[in-house]
Amino acid sequence: MAVKHFLQFSDFTLAEHEYLLRRTAELKRRWKAGEIYQPLAGKVLTMIFEKNSTRTRVAFEAGMAQLGGHAVFLSNNDSQLGRGEPIEDVSRVVSRMTDIVMVRTFEHRIVERFASVSKAPVINALTNEFHPCQIMADIFTFIEHRGDIKGKTVAWIGDANNISYTWRQAAKLFDFQLRAATPKGYEFKDVDGVKYDERHFVQLHDPIAAVKDADIVTTDVCVSMGFERESLQRKMDFEPYEVTTDLMSHAKPDALFMHCLPAHRGEEVAAEVIDGPQSVVWDEAENRMHTQKALLEYLLLGQVD
Ligand code: CP
Ligand code: NVA
């Protein structure tokens, strides 16, 4: 049987995502109650990081430990990847020794190449184009605070990047609308060969129009990892795209503010917003661990309830 991977949000059906959300709630409840639940005893996760991380690493490593398994951390500095070992060779080796692998890298093609020869399930832990684990946690967080996301409006202010491209895939699957405002010249591109109609995706340039009556307002850095060379130009081009309290006032009064983190206060978001009452960024961060535990369990053991 073919190995199941999670490289893009759209790799799972709506039913699979709904199962994972239910399972996340159950695993979170058990963890909060102090229950020991270790179905992954004896299993090992390899974590390959070609870019920095705080949340993703801690969420996977702590999550694996809580489920009774173990995690191995590899970065470019301490593995042969940094000395040019072909990605396929690394995949062949680590997937013979360990049960599941997560990869954080640059072009999405790299994780696809890794998965194409892997004997073990592969999870995309962020590429230039997608960050599916993040949006699983974001949707779980919205549901915890406000209920069903179907029919809702998510306003994206800023760059067309891995986070927003994944929101767009989620909008189509969960049937909500992503309304994006990017500066001119930074519009969304076709990164997944999917056609999005207006019910699920609208490309704008005016942040106020994007935020109007939205249920979620969300943003991210304007310089993603790997794009540092464009930093100066981007910081100028994205200046009018800061999420401020004034911008938030155009959304629904109970709109939530979300950010995948790390954040830059005074750049893409004002301190009063990210540290204010509408912000749920710390829940989003914690929920990375709960959603990733459900994902690890699912890819290793299948549906368990
Ligand atoms: N949101 C996120 O993926 O954070 P890290 O880069 O710290 O893992
Ligand atoms: N878009 C950001 C997300 C970091 C979690 C980046 O790729 O750097």
Next item on the list: Working carefully through the options 46, 98, 56, find the one that is farther than 22 Å from residue 131 by Cβ and polar (S, T, N, Q).
Entry: 98
Check: Mind checking which residues of region 107-138 are of a type in the set (A, V, I, L, M, F, W, C) and away from ligand 1 (no atom under 14 Å from the Cβ)?
Finding: 110, 111, 114, 115, 117, 120, 122
Check: Taking region 175-225 as the search range and keeping residues that are β-branched (Val, Ile, Thr) and closer than 21 Å to residue 245 by Cβ, which one is surrounded by the fewest Cβ atoms within 10 Å (Cβ to Cβ)?
Finding: 208
Notebook entry, point to check: Within region 273-285, can you find the residues that are surrounded by fewer than 15 Cβ atoms within 10 Å (Cβ to Cβ) and more than 15 Å from residue 254 (Cβ to Cβ)?
Noted result: 275, 282
Margin query: Could you go through region 230-241 and let me know if any residue there is within 16 Å of ligand 2 (Cβ to nearest atom), open to solvent by 20 Å² or more (accessible area, probe 1.4 Å) and part of a loop (DSSP other than H, G, I, E, B).
Written below: no
Item checked: Unmet criterion (only one of (1) closer than 22 Å to residue 28 by Cα; (2) part of a loop (DSSP other than H, G, I, E, B); (3) over 17 Å from the mean Cα position of the chain (by Cα)) for residue 298 -> (2)
Notebook entry, point to check: Does region 11-23 contain any residue that is touching a strand residue (DSSP E or B) at 6+ places or on another chain (Cβ under 9 Å) and open to solvent by less than 40 Å² (accessible area, probe 1.4 Å)?
Noted result: yes
Next item on the list: Could you tell me whether region 259-270 includes any residue that is touching a strand residue (DSSP E or B) at 6+ places or on another chain (Cβ under 7 Å), over 16 Å from residue 222 (Cβ atoms) and crowded, with 22+ Cβ neighbours inside 10 Å?
Entry: no
Margin query: Please list, ordered by residue number, the strands (runs of 3 or more DSSP E) wholly in region 66-128 having 2 or more residues that are open to solvent by 60 Å² or more (accessible area, probe 1.4 Å) and either away from ligand 2 (no atom under 16 Å from the Cβ) or under 18 Å from residue 292 (Cβ atoms) (or both).
Written below: 70-75
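Could you please let me know if residue 28 is within 16 Å of ligand 2 (Cβ to nearest atom) and touching a residue at least 60 places away in the same chain (Cβ under 8 Å)? So that I can check it myself, show each step before the final result.
Numbers: within 16 Å of ligand 2 (Cβ to nearest atom): no; touching a residue at least 60 places away in the same chain (Cβ under 8 Å): yes.
In short, no.
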Margin query: Condition check: more than 16 Å from ligand 1 (Cβ to nearest atom), closer than 15 Å to residue 139 by Cα and in contact with an Asp or Glu (Cβ under 8 Å, 6 or more places away or on another chain). Does residue 203 satisfy that?
Written below: no
Note to self: Can you list residue pairs whose Cβ atoms sit under 8 Å apart, with the first residue in region 107-125 being on the phi > 0 side of the Ramachandran plot and the second being part of a helix (DSSP H, G or I) and at pLDDT 95 or above? Count only pairs 6 or more apart in sequence or on different chains.
What the structure shows: none
Item checked: Cβ-Cβ under 6 Å pairs, at least 6 apart or on other chains, region 256-276 side more than 15 Å from ligand 2 (Cβ to nearest atom), far side assigned to a strand (DSSP E or B) -> 256/216; 257/217; 257/279; 271/265; 273/243; 273/257
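Of the residues that make up region 282-294, is at least one part of a loop (DSSP other than H, G, I, E, B) and either touching a helix residue (DSSP H, G or I) at 6+ places or on another chain (Cβ under 7 Å) or modelled with pLDDT under 95 (or both)? Steps first, please.
Going through region 282-294, the residues part of a loop (DSSP other than H, G, I, E, B) turn out to be none.
No, because not a single residue in region 282-294 is part of a loop (DSSP other than H, G, I, E, B) and either touching a helix residue (DSSP H, G or I) at 6+ places or on another chain (Cβ under 7 Å) or modelled with pLDDT under 95 (or both).
Considering region 277-305 alone, what residues qualify as being touching a residue at least 24 places away in the same chain (Cβ under 8 Å) and closer than 11 Å to residue 141 by Cα?
Restricting attention to region 277-305, the residues satisfying the condition of being touching a residue at least 24 places away in the same chain (Cβ under 8 Å) are 278, 280-281, 283-285, 287-301, 303-305.
Once the filter is applied, which keeps residues that are touching a residue at least 24 places away in the same chain (Cβ under 8 Å) and closer than 11 Å to residue 141 by Cα, region 277-305 yields 280, 281, 283, 284, 285, 287, 288, 290, 291.
The values are calculated or read from the model by the stated rules, or taken from the named source; none is laboratory data. Since the model is a prediction, treat every value here as computed from it, not as a measurement. Virtual Cβ from ideal backbone geometry, glycine too; neighbours counted across all protein chains shown. Keep in mind that these areas ignore ligands, DNA and RNA; they rest on the heavy atoms of the full protein, side chains included. Shrake-Rupley method; radii C 1.70, N 1.55, O 1.52, S 1.80 Å.
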